[in-house]
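Down below is the structure, laid out as structure tokens.
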Amino acid sequence: MDAASSPPSFAGLRRTYEGLPLREADLAIDPVTQFATWFADAVDAGLPEPNAMVLATASAGGLPTARTVLLKGYDQGGFVFYTNYESRKGRDLSENPRACLVFPWHPLRRQIRVEGHVVRLPREDSAAYFHSRPYGSRIGAWASRQSAVVRSREELDARYRELAERWPEEPPMPDFWGGFRVVPLEVEFWQGQIDRMHDRLRYRRSGDAWVVERLAP
């Protein structure tokens, strides 16, 4: 039997999660400050693309979808990423401006989950980031009508070449491209522990303050 017809033994894929305990007294006063601490740990540990995050959205009809995108900034206002507004995620967020982010830092036995509402960045903020990108990425933003069906790779490459010839130096920012900010309402910090008795501490927005709650694993 080949690998396709003989599934792996999932029981044999188990790992023991061992990490430092995560106690309420260890947490920062707010989730963004705590995120900054854990993000620095992920960078220091040499994790590949520690700013990679799973973004989950849903259409107005409730159809969910998820994909990996890159975090491009964060502050007390929330977590920022950029995309084509006409892509599936862009359309979802226009119809239903709520999202969930997951940072899956498996080597550290950690993950962070962020839930919140989503707003578009001001155009000037998106433009500042767009013009900081490498030239090829700026042309690529024009060349790809993200999530649309294309006939072939050759069609994509031809469009890229055409646009590179049109703008050999400074392509403008497309009207259909820009940033989103996920404004957190809940942020959960998950630390793996032995025997699946994991630590889960959640910040929940309550008015202008944050309430910290421990969740059962």
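Not counting ligands, DNA or RNA, and with a 1.4 Å probe, what is residue 102's accessible surface area in Å² rounded to the nearest 10?
It works out to around 40 Å².
Using a basic spin-label model with each label point 7 Å from the Cα along Cα→Cβ, how many nm lie between residue 86 and residue 169?
2.8 nm
Keeping every protein chain present and rolling a 1.4 Å probe, give me the accessible area per residue for the chain in Å².
57 Å²
Using only C-alpha positions, report the orientation-averaged shadow area of the convex hull of region 1-155, nm², one decimal.
Directional mean of the projected Cα hull area for region 1-155 stands at 14.2 nm².
What FRET efficiency do you get for residue 209 and residue 160 if R0 is 30 Å and r is their Cβ-Cβ distance, rounded to the nearest 0.05?
According to the calculation, E is roughly 0.05.
Share of the chain's accessible area from carbon and sulfur, percent, 1.4 Å?
Reported share for carbon and sulfur atoms: 53 percent.
Between region 35-94 and region 203-217, how many Å separate their Cα centres?
21 Å
Summing -39500 (n - 2.57) over the DSSP H runs of n ≥ 4 in the chain and dividing by its residue number, what mean residue ellipticity at 222 nm do you reach, to the nearest 500 deg cm²/dmol?
Result for the chain, helices only: -7500 deg cm²/dmol.
What's log10 of I(q)/I(0) for region 69-217 at q = 0.08, 0.13 Å⁻¹, Debye sum over Cα points only, no solvent?
For the requested q values the scattering log ratios are -0.32, -0.73.
Relative contact order, percent, of the chain when contacts are C-alpha pairs under 8 Å separated by at least 6 residues?
Averaging sequence separation for qualifying contacts and normalising by length gives 24 percent for the chain.
Would you compute the Debye intensity of region 174-217 from its alpha-carbon atoms alone, equal scatterers and no solvent, and pass along log10 I(q)/I(0) at q = 0.16, 0.17, 0.33 Å⁻¹ to two decimals?
Treating every Cα as an identical point scatterer, log10 I(q)/I(0) equals -0.57, -0.61, -1.11.
Using the Karplus curve 6.51 cos²θ - 1.76 cosθ + 1.60 with θ = phi - 60°, work out ³J(HN,Hα) for each residue of region 105-121 in order, rounded to whole Hz, and write x for Gly and Pro.
Running phi through 6.51 cos²θ - 1.76 cosθ + 1.60 with θ = phi - 60° gives 8, 4, x, 8, 6, 9, 8, 10, 10, 10, 10, x, 9, 10, 10, 6, 6 Hz.
Normalised by the residues of region 95-159, what does the relative contact order come to in percent, with Cα pairs under 8 Å and at least six apart?
20 percent
The values are calculated or read from the model by the stated rules, or taken from the named source; none is laboratory data. Since the structure is predicted, the reported quantities are computational estimates derived from the model, not experimental observations. Counting neighbours? That spans all protein chains shown, and the Cβs are built from the backbone with ideal geometry, glycine included. For accessibility, only protein heavy atoms count, side chains too; no ligands or nucleic acids. Shrake-Rupley method; radii C 1.70, N 1.55, O 1.52, S 1.80 Å.
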